[in-house]
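The values are calculated or read from the model by the stated rules, or taken from the named source; none is laboratory data. Note that the coordinates shown come from a computational prediction; the quantities given were computed from them, not determined experimentally. Heads up, the Cβs are rebuilt from the backbone with ideal geometry, glycines too, and the neighbour counts pull from every protein chain shown.
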Amino acid sequence: MLIGFQNVTFEFGARVIVADATWHIQPGDRIGLVGYNGTGKSTLLKVLVGEYTPSKGTVEKSKETTIGYLHQDLLSFDTNENITEVALGAFERVRALEKEIEQLGIELEKNPEDEQLLIRYTDSLHELDVLDGYNIQHKAEEVLHGLGFSNEDLVKPYKQFSGGWRMRVLLAKMILQQPDVLLMDEPTNHLDLPSIEWLEKYLIHYKGSVVIVSHDKFFLNRMVNKIVELYQQQLHIYSGNFEFYETEKEIRIEMQQKAFENQQDYIRQQERFIERFKAKASKAAQAQSVQKRLDKLDKIEDVQLERPNMRINFQLEKVPGKILVTLKEVTKNFGNLTIVDKASAEIERGDKIALIGANGKGKSTLLRMIAGTETFSGERVWGHNVEESFYAQHQLEALTMTNNILEELQSCGSKKTDVELRSLLGSFLFSGEDVDKKIRVLSGGEKARVALAKTIVSRGNFLILDEPTNHLDMHSVELLADALNKYEGSYILVSHDRYFISKTANKIWEIVDHQIKEFKGNYQEWVEWNERMEKQKKQLGIDGTNNEKPAPKQAVAKPIEQPEKNSLPINKELQKELQKQQRRLKQIEVSLEQAQDKQKDIEIELGNPATYTNQAQFTALESAYQSIKQEIAQLNAEYETVFEQVIELETKA
């Protein structure tokens, strides 16, 4: 055992975080510490490292165990050193040896015959070699690059970077220290997708043990081999990843519920016996014996899930036109940094777009350009009846700290009554007197929920969402994803939560070479497409004829770039058939769109009360509606068949 709890009880004020908990972290453990927001996961990590002392029980730790603890409070650290020097601070012994060797070298120049100096000098050189001290610069740069820093960034002062980038530097330092146990509190909050993927690969091969608090299901599924759930002041341990935990928890709850119900049946039977015979002389002793058994019975608790539910419901007041917003040759620069250069794109009604990519590519900037809060050259044209609502990362800071929660929603000018606003806040887990809390006393998660509530109260038909899942726990992320799936409007969002993206997006946008590249399909389809392109890139690179990655096309099934002549043999028949099926797929897309538009028109007519006064007209519309529904079903089935053929042909070609 490296570190752990033995019968630990810890209270935070009058609130019990954990009671009589035992938990041992063993070598090789990769643990996900999970639980609803506010249950005390971060507090538990502080108890582990000794920042808080338990009221009962002990925190056990071997003397040799080293611990690295990544947490939000580290952001108070500041220095003028460049980030490479900060990261190199992980190698305290190596840096001390370097100074020692330098000093011993100076002394040996003065006293070359001093054997003791020579022995110390040789021993220090040997220790430096054993610690691989000659490679620390390379190691530091490799980790910093993996976490998204460029070569130019490596020499910049630490204090020039924002909070998220500072946290990456401190994460790099902690990784380089290679402690026996890494405790990480929401490490992916400040990372973009490429950096999360790099961290996953690194930690999977990390020799020490890792404990992670995270709301990123994808990250936990790939990373951990054990889940520890903090629930109802108890620690419940599951051997497996997050998916395994969800399945096993469901089974455990079901079994507990059945056991509880069976025991309740048994108790009722015994109580009926006692009630019936306790006054009867011949049976009184037996009734007393049964009562004693009941008194000693180890009661099974009823399953009462303390699961908060955000009842999120987006409502639209106006239906927009087919095109929501058009960007025409837009350009945005920050000094010498170009975000987009004469880029064009269009967002249509029904689009649910995830804008993804590495930090620094300008995702949030592009959202602000669409929302109109960022200046740029070029043209942005709004469509008919579009009412946008913008949820930005800075909105948490933009909340009025002196307002209470109810006053903050009143300031939106939504014309809703206080009763309606209280009802909405109840759906965001603010009930009763909670709405009187001042914004300044709220946690990050609570502020995020208030800001989301402000977005929703606007009743916009086009949402612009910048990292809406930050500070939300996994269950709240799930609820928000479900709500967005039911949302009848359109949206574009930026998120580093791959699970959330996979649940919500039907299109993927990337900023590539300062242009907006669109992929028509969900996140998993985009990942698979990207892998195929990477594979093709490697295959084409064998002969050195094509070393550039093909750019994403406008749709998942668009023709892939053709290699130059004489680069690789091409099956012309396959290419011909592929192009034929791609044209067919496009035709189906057009037909499907036309059929869906026709269905909406019929639905509008059926929604008109006057329609029902004319029996012939109603019958004709009802028949047309059933016919168009059948046509859409057939087109969808045909689309799936042709799409699968295209994928198969792409792979072969």
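Observations on the structure shown:
- Considering THR22, THR9, the condition of being surrounded by fewer than 14 Cβ atoms within 10 Å (Cβ to Cβ) and modelled with pLDDT of 90 or more is satisfied by THR22 alone.
- In the set PRO187, PRO194, PRO112, PRO179, only one residue is closer than 20 Å to ASP73 by Cα, at pLDDT below 90 and not hydrophobic (A, V, I, L, M, F, W, C); that residue is PRO187.
- The set of residues in the range 189-208 that are touching a strand residue (DSSP E or B) at 6+ places or on another chain (Cβ under 9 Å) and of a type outside the set (Asp, Glu) comprises LEU193, LEU203, ILE204, TYR206, GLY208.
- One residue alone among ILE501, ILE492, ILE464, ILE508 is among the aliphatic types (A, V, I, L, M), part of a helix (DSSP H, G or I) and crowded, with 22+ Cβ neighbours inside 10 Å, and that residue is ILE501.
- Residues satisfying the stated conditions in the range 346-374, i.e. assigned to a strand (DSSP E or B) and crowded, with 20+ Cβ neighbours inside 10 Å: ILE347, ILE353, ALA354, LEU355, ILE356
- Within the option set ASP497, ASP434, ASP418, being closer than 17 Å to LEU367 by Cβ and of a type in the set (Asp, Glu) holds for one residue only, ASP497.
- First in the range 275-292 and surrounded by 10 or more Cβ atoms within 10 Å (Cβ to Cβ), second anywhere and polar (S, T, N, Q), Cβ under 6 Å, 6 or more apart: VAL290/GLN270
- Of all residues in the range 444-461 being small (Gly, Ala, Ser) and closer than 24 Å to PHE219 by Cα, the one that is surrounded by the fewest Cβ atoms within 10 Å (Cβ to Cβ): GLY444
- Restricting the first member to the range 255-266 and to residues that are of a type in the set (Phe, Trp, Tyr), and the second to residues that are surrounded by fewer than 12 Cβ atoms within 10 Å (Cβ to Cβ), the beta-carbon pairs closer than 6 Å and six or more apart or on different chains are PHE260/ASP302.
- Among the residues listed as VAL303, VAL290, VAL325, the single one being modelled with pLDDT under 85, within 31 Å of the chain's Cα centre (by Cα) and either outside the structural domain of LEU421 (by TED's automatic domain parsing) or not β-branched (Val, Ile, Thr) (or both): VAL303
- Scan of the range 369-382 for residues that are over 12 Å from VAL340 (Cβ atoms) and under 24 Å from the mean Cα position of the chain (by Cα), ordered by number: ALA371
- The residues of the range 480-494 that are at pLDDT below 90 and either polar (S, T, N, Q) or over 17 Å from TYR391 (Cα atoms) (or both), listed by number, are ASP482, ASN485, LYS486, GLU488.
- Candidates LEU424, LEU452, filtered to the one that is at pLDDT below 80 and out of contact with any Asp or Glu (no Cβ under 9 Å at 6 or more places or on another chain): LEU424
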